[in-house]
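Encoded as structure tokens, the structure appears first; notes follow it.
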Amino acid sequence: MNRLPILVPAALVALAFALPASAATPTYNGTVGPGFTITLAKKPTKAGKVKLVVADKSSIHNFHLTGPGVNVKTSVSATGTKSFTVTLKKGTYRFVCDPHASVMKGSFTVK
Ligand SMILES: [Cu+2]
């Protein structure tokens, strides 16, 4: 009977140390619309797992990220926030709005 109160806190401490590992996935915020703009507030530079959170603010635009091992996009007609967890590798990544790719575009390089 005396052991249980010791074991439970130990399990909670173990959990507390385990959680920050997944919470540490870096997050990058992308925005498209409402005008003819597409942006990535901060650009990834290192390989590894990242979370991409896209605010799609227009029903005529989308956010489409492509590059080594990655091809994710929001829907053109849909709006709202969408999250993607992707693993970046060394190379160049490009993001565009598909219907307006010649003017709505950006890129970043992972080293
Ligand atoms: Cu567009």
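The modelled label-to-label distance for the pair residue 105/residue 55, using points 7 Å beyond Cα in the direction of Cβ, is 2.6 nm.
Amide hydrogen proximity for residue 107: with H placed 1.01 Å from N in the peptide plane, the residues at 5 or more positions away or on another chain lying under 5 Å are 95.
Bear in mind these aren't lab numbers, they're just calculated from the coordinates by the rules spelled out. Keep in mind it's a predicted model, so treat the numbers as computed, not measured. All Cβ positions, even for glycine, are placed from backbone atoms using ideal geometry, and neighbour counts span all protein chains on display.
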